[in-house]
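Asker: Take a look at this one; I'll ask things after.
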Amino acid sequence: MSVPTATYRLQFREGMDFDRAAGLAPYLRRLGISHLYASPVFQATPGSTHGYDVTDHNALDGSLGGAEGFLRLSAALREHELGLILDIVPNHMAASPANPWWRDVLRHGAESAYASHFDIDWSAPKLLVTVLGRPYGEALEAGEFALGAEGDGLVFRYYEQGFPLHPETWGLVLEPAGEDVPRDGWAAWIGDERNARRLGERLESLSADSALLHRVHEAQPWQLTYWRAARDMLTHRRFFEITDLVGVRVEDERVFDDVHRLLFEMVAEGHVAGIRVDHVDGLADPAGYLAALAEKAPGNPPVWVEKILAPDEALPDWPVEGTSGYEFARAVAAAATDPAGVEALDAAYAAFRQEPPDYAAMLREAKHEILTRNLAAELGRLTTLAFQALSDDPEGRDWGPDSLGRAIVALALSLPVYRTYLGDPAAGASPADDRLLGEAEREALGLVELDDPTPVSLLVRLLRAGEGEAAARFRTRFQQTTGALMAKAVEDTLFYRHNRLLSANEVGSEPNHPTLDAAAFHAEMEARLTAQPHGLSATATHDTKRGEDARMRIAAIAEAPEEWVAGVDRLEDLVRGFEGPEPEARWTFYQALLGAWEPEDPALAGRVAAFMVKAAREAKLRTSWVAEDEAYERTLTGFAERALGDEGFRQAFGEVAGSFVAMGGRKSLAQLGLKLTAPGLPDIYQGTERADLSLVDPDNRRSVDFALRERALDAPGPDFDGRKTALTHAGLLLRRAQPDLFAAGDYVPCEAAAPPHLRVAGFLRRHGDHVLAVAVELSGRGDGGSLRLRLPMEEPLEVLWAWPEGPGAPEGGVLDLTPLSDRGPVWMTLLQRRGGN
């Protein structure tokens, strides 16, 4: 199967179904896209807005059009020469009665045919189902439970959810109901309307007997539990801290086959040309899983993985094309951020928040808080596994759960990446994992609050070389947990607490290292060409914290920090009489508003207010998802709405934002230019061929006006939206016309001669007789001046194509862009060796 030249990400659901997507095929082809990249399309929880809560891997979601609708989409894509990349979710499924596998587990417990499909601790007395809005006793007394009958059997109802009763306990219900139901003929019996009505009436009457309800409940293999109990009492592995997403054991071959059966049929029939694996770090054995995928998927289609790489972390040697692109977005944003400006912002940020931030301390605090509170159940399980694994070890048997728990916390806090990839100890740790464990051990020994730090070293030895089933279970679960810890502590906590420059608070980024100089950027791109030449180059996804153009506007603050701080002081004077939140929240508000600033958008105030509440809940300092402070949240929303409802504030903010909007627009085009030409495959998130000023989800999943975008291809216009559309279109068509140049071409950094105030990245993509010379202005100032690119080759070259039009052939190895420098910030010149083909 061919490698894509460019992908276009579509979020299905919320108005996007198979038929609507099929209607977009002609537009995507015209735009220059080679592959549609679809969010999960398998059957999900009823009403799902995203599809990651899969209930059936072997059915296409009926709300999207089901199998027939999918075939229509596939035909439309094929007609317009487009491939399809599917986002799949092998790590978890919905822990919902709507999931037939989970439903069978609820009905039969450990005896279910699917008991081993899910990561469940069957040593626990009951399978905890943490769905109750209040403690069980209160819910029972309040009459929130009832008995019911469904097509596959008797159920215990909690509002609209029906939890199946174990068949051996039906007598507890049917005998008081006075019904003699044939067990083997249940479906036919209940299918009789008279039987169903009579039984329903009797069950309704019995539901008033709380003692009976309690007896029935206690006889089940599951136990309905207050949702807060999930924090420290959970009996199944979950996705991050989302209790109603249960871990799936795809490391088991039978489970792997069951999960991928329909997917592989779709690949074999030519409907699916590529696969994107969601949350690969959550799997027990990512390398083993990907090897199985490569072996079993018909035709071995290209695979991409959602994997967050630390700045100095290499992608493991997996059979994949690359990642879904967060490290690319990080590198581009860092290259577009002025280092001197960030330094100047440090003092202003510290003064505004009235306390200098200590990033390292804030990181440790966030990780400690998440692991010991939000992930307390996971920590408890790890502690038990470590205690079991060390119980027969002469050196480890004297350490109890408290000591081991503290050591686990210290080691997890000290790991600088999402996870290691340790497997069979006989194979040994990779050099990268061995180094990471050594560094984590040394740091943990300084953090752990123990009289004796020995347990830390015991745990490291267990991870490296521990033998036996208990050691293997600890190793697997520890590595799965550290990924969840990093995601929740860094992306979903710290990124909302440390707000110096929000453009650096992005998935895969490090806010304390927000910049790259040109040499470092070139080094990252050269490494990318070697490691994942066909990795996706994303600048916006369904999970990014803000839109790609909003991010560049905020990055522009570092170009003129004094101007921004003066503007903030002016705004502070205007809101002094408002009831407002603490300084940290206001600092965040001004930056978020800059990113989203569209004064004509009637929904702006509501969008920003919603963002402020979500940001505060994620920060978990004044309010949170599990302990909402309604008064504080009203202060946040009231402040945002009052400010944006005040004409004086709006006028002043527009004046403050003006230069940063302009600089941010140029940075956005520069970002796009790099995305279209640097190593990797450009991935266009839905709608972002025009301005993307969205905030964190769900704001970034709003419906897209595709009719407007189709019209803009013919007449893009001179404004930012038009320039972005035109550049996207031109770059994608160039990639389609020159696939080998981008798929197999070299990446050669070039010296760019420009005025001192301009930061420019120049490079070549070179393959055969063709050379693409690229110059991108990163500073965003647009002040003009001379610009020349020195090419590391002196043979005669002729110009085949240029963006913008105009430059002549290079002379003496120098490509002169001076006449066009005021039109930037992206220059692409396709050259050919004279006499070449």
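Asker: Where in segment 372-468 are there helices (runs of 4 or more DSSP H), lying wholly inside it, with at least 3 residues that are farther than 21 Å from Met486 by Cα?
Answerer: Details: elements: 376-390, 401-414, 431-447, 454-465.
Once the helices (runs of 4 or more DSSP H) in segment 372-468 are filtered for at least 3 residues that are farther than 21 Å from Met486 by Cα, what remains is 376-390, 401-414, 454-465.
Listed here are the residues, each with its yes/no results for (1) open to solvent by less than 30 Å² (accessible area, probe 1.4 Å); (2) aliphatic (A, V, I, L, M); (3) assigned to a loop (DSSP other than H, G, I, E, B).
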site	(1), (2), (3)
Gly580	no, no, yes
Ala585	yes, yes, no
Tyr590	yes, no, no
Gly595	yes, no, no
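Asker: Still on this structure: For segment 1-19, enumerate the residues that are open to solvent by 10 Å² or more (accessible area, probe 1.4 Å) and basic (Lys, Arg).
Answerer: Arg13
Asker: Spot the failing condition for Ala268; the list is (1) aliphatic (A, V, I, L, M); (2) over 15 Å from Ile88 (Cα atoms); (3) touching a residue at least 40 places away in the same chain (Cβ under 8 Å), and only one is missed.
Answerer: (3)
Asker: How many residues does segment 175-205 hold that are more than 23 Å from Asp104 (Cα to Cα), touching a residue at least 24 places away in the same chain (Cβ under 8 Å) and either charged (D, E, K, R) or open to solvent by 30 Å² or more (accessible area, probe 1.4 Å) (or both)?
Answerer: Of the residues in segment 175-205, 4 are more than 23 Å from Asp104 (Cα to Cα), touching a residue at least 24 places away in the same chain (Cβ under 8 Å) and either charged (D, E, K, R) or open to solvent by 30 Å² or more (accessible area, probe 1.4 Å) (or both).
Asker: How do the pairs read when you match residues in segment 388-401 that are on the phi > 0 side of the Ramachandran plot with residues anywhere that are assigned to a loop (DSSP other than H, G, I, E, B), using Cβ under 6 Å and keeping only pairs 6 or more apart or on different chains?
Answerer: Pairs found: none.
Asker: If Thr55 satisfies every condition in (1) in a loop (DSSP other than H, G, I, E, B); (2) touching a Ser or Thr at 6+ places or on another chain (Cβ under 8 Å) but one, which is the exception?
Answerer: (1)
Asker: A further question on this structure: Among the residues of segment 530-556 satisfying the criterion of being open to solvent by less than 10 Å² (accessible area, probe 1.4 Å) and assigned to a helix (DSSP H, G or I), which is nearest to Pro679 (Cα to Cα)?
Answerer: Within segment 530-556, the match that is nearest to Pro679 (Cα to Cα) is Glu548.
Asker: Let me ask something else about it. Within segment 768-797, how many residues are assigned to a strand (DSSP E or B) and open to solvent by 70 Å² or more (accessible area, probe 1.4 Å)? Give the derivation first.
Answerer: Just the residues of segment 768-797 that are assigned to a strand (DSSP E or B), to begin with: 770-777, 788-790, 797.
Within this subset, residues satisfying the condition of being open to solvent by 70 Å² or more (accessible area, probe 1.4 Å) are 788, 790.
Here the count works out to 2.
Asker: Out of everything in segment 505-525 that is touching a helix residue (DSSP H, G or I) at 6+ places or on another chain (Cβ under 6 Å) and under 20 Å from Arg364 (Cα atoms), what residue ends up being most open to solvent (accessible area, probe 1.4 Å)?
Answerer: Checked segment 505-525; the qualifying residue most open to solvent (accessible area, probe 1.4 Å) is Asn512.
Asker: Same structure, new question: From the list Leu73, Leu106, which one is closer than 21 Å to Trp304 by Cβ, open to solvent by less than 10 Å² (accessible area, probe 1.4 Å) and either touching a residue at least 12 places away in the same chain (Cβ under 8 Å) or in contact with a Ser or Thr (Cβ under 6 Å, 6 or more places away or on another chain) (or both)?
Answerer: Answer to the selection: Leu73.
Asker: Next up: Consider only pairs whose beta carbons are under 6 Å apart and that are at least six residues apart or on different chains; among these, list those whose first residue lies in segment 14-29 and is under 19 Å from His50 (Cβ atoms) and whose second residue is among the hydroxyl-bearing types (Ser, Thr, Tyr).
Answerer: Glu14/Thr49; Gly15/Ser703
One line per residue, one yes/no per condition, for (1) more than 27 Å from His522 (Cα to Cα); (2) modelled with pLDDT of 95 or more:
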residue: Ala331; (1), (2): no, yes
residue: Ala335; (1), (2): no, yes
residue: Asp346; (1), (2): no, no
residue: Gly380; (1), (2): yes, yes
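Asker: Return yes or no: is Ala22 crowded, with 23+ Cβ neighbours inside 10 Å and not hydroxyl-bearing (Ser, Thr, Tyr)?
Answerer: No.
Asker: Which helices (runs of 4 or more DSSP H) sit wholly inside segment 652-766 and have at least 3 residues that are closer than 27 Å to Ala560 by Cβ?
Answerer: Filter on segment 652-766 gives 720-737.
Asker: List the residue pairs whose Cβ atoms are under 9 Å apart, where the first residue sits in segment 695-707 and is in contact (Cβ under 8 Å) with a residue 24 or more places away in the chain, the second is among the hydroxyl-bearing types (Ser, Thr, Tyr) and open to solvent by less than 20 Å² (accessible area, probe 1.4 Å), and the two are 6 or more positions apart or on different chains.
Answerer: Sorted first by the residue in segment 695-707, then by its partner, the pairs are Val696/Thr544; Asp697/Thr544; Asn700/Thr541; Asn700/Thr544; Asn700/Tyr685; Asn700/Ser694; Arg701/Ser694; Phe706/Tyr27.
Asker: Please find, among Leu263, Leu245, the residue that is open to solvent by less than 20 Å² (accessible area, probe 1.4 Å), part of a helix (DSSP H, G or I), of a type outside the set (Val, Ile, Thr) and at pLDDT 95 or above.
Answerer: Exactly one residue qualifies, and that residue is Leu263.
Asker: Could I ask something else about it? Restricting to segment 745-793, and then to whatever is in contact (Cβ under 8 Å) with a residue 60 or more places away in the chain and among the acidic types (Asp, Glu), can you tell me which residue is nearest to Asp549 (Cα to Cα)?
Answerer: Glu777
Asker: Tally the residues that are among the hydrophobic types (A, V, I, L, M, F, W, C), under 14 Å from Phe387 (Cα atoms) and open to solvent by 10 Å² or more (accessible area, probe 1.4 Å), restricting the search to segment 463-504.
Answerer: The number of residues fulfilling the criteria is 2.
Asker: Looking at segment 285-313, which of the residues that are over 19 Å from the mean Cα position of the chain (by Cα) and aliphatic (A, V, I, L, M) is surrounded by the most Cβ atoms within 10 Å (Cβ to Cβ)?
Answerer: Leu293
Asker: Among the numbered conditions (1) closer than 21 Å to Tyr52 by Cα; (2) part of a strand (DSSP E or B), tell me where Leu73 comes up short.
Answerer: So the condition that Leu73 fails would be (2).
Asker: Among helices (runs of 4 or more DSSP H) lying entirely in segment 144-239, which contain 1 or more residues that are of a type in the set (Lys, Arg) and within 17 Å of Leu127 (Cα to Cα)?
Answerer: Working: elements: 171-177, 186-191, 193-206, 210-218, 230-233.
By residue number, 210-218, 230-233.
Asker: So, His80, is that one touching a residue at least 24 places away in the same chain (Cβ under 8 Å), in contact with a Lys or Arg (Cβ under 6 Å, 6 or more places away or on another chain), open to solvent by 10 Å² or more (accessible area, probe 1.4 Å) and under 30 Å from Asp705 (Cα atoms) or not?
Answerer: Here the answer is yes, as His80 does meet what is asked.
Asker: On to the next question. Restricting to segment 678-687, name every residue that is open to solvent by less than 10 Å² (accessible area, probe 1.4 Å), within 16 Å of Ala38 (Cβ to Cβ) and touching a residue at least 40 places away in the same chain (Cβ under 8 Å).
Answerer: Leu681, Asp683, Ile684, Tyr685
Asker: Taking segment 59-78 only, how many residues are under 16 Å from Ser96 (Cα atoms) and touching an Asp or Glu at 6+ places or on another chain (Cβ under 8 Å)?
Answerer: 0
Asker: Given the options Thr623, Thr637, name the one that is of a type in the set (S, T, N, Q), free of Cβ contacts under 8 Å to residues at least 40 places away in the same chain and in a loop (DSSP other than H, G, I, E, B).
Answerer: On the way: Thr637 fails: in a loop (DSSP other than H, G, I, E, B).
Criteria check complete, one pass: Thr623.
Asker: Any idea which of Pro455, Pro425 is of a type outside the set (A, V, I, L, M) and within 23 Å of Gly288 (Cα to Cα)? Don't jump to the end; show me each part of the working.
Answerer: Values: Pro455 fails: within 23 Å of Gly288 (Cα to Cα).
Pro425 is the lone residue from the list that is of a type outside the set (A, V, I, L, M) and within 23 Å of Gly288 (Cα to Cα).
Asker: Within segment 248-258, restricting attention to residues that are out of contact with any helix residue (DSSP H, G or I) (no Cβ under 6 Å at 6 or more places or on another chain) and open to solvent by 10 Å² or more (accessible area, probe 1.4 Å), which residue is nearest to Leu154 (Cα to Cα)?
Answerer: Restricting to residues being out of contact with any helix residue (DSSP H, G or I) (no Cβ under 6 Å at 6 or more places or on another chain) and open to solvent by 10 Å² or more (accessible area, probe 1.4 Å), the top hit is Asp258.
The values are calculated or read from the model by the stated rules, or taken from the named source; none is laboratory data. Please read all numbers here as calculations on a predicted model, not as lab measurements. A quick note on method: Cβ atoms are made from the backbone with ideal geometry, for glycine too, and the neighbour counts reach across all protein chains shown. Accessible surface is based on the protein model in full, side chains and every heavy atom, while ligands, DNA and RNA are left aside. Shrake-Rupley method; radii C 1.70, N 1.55, O 1.52, S 1.80 Å.
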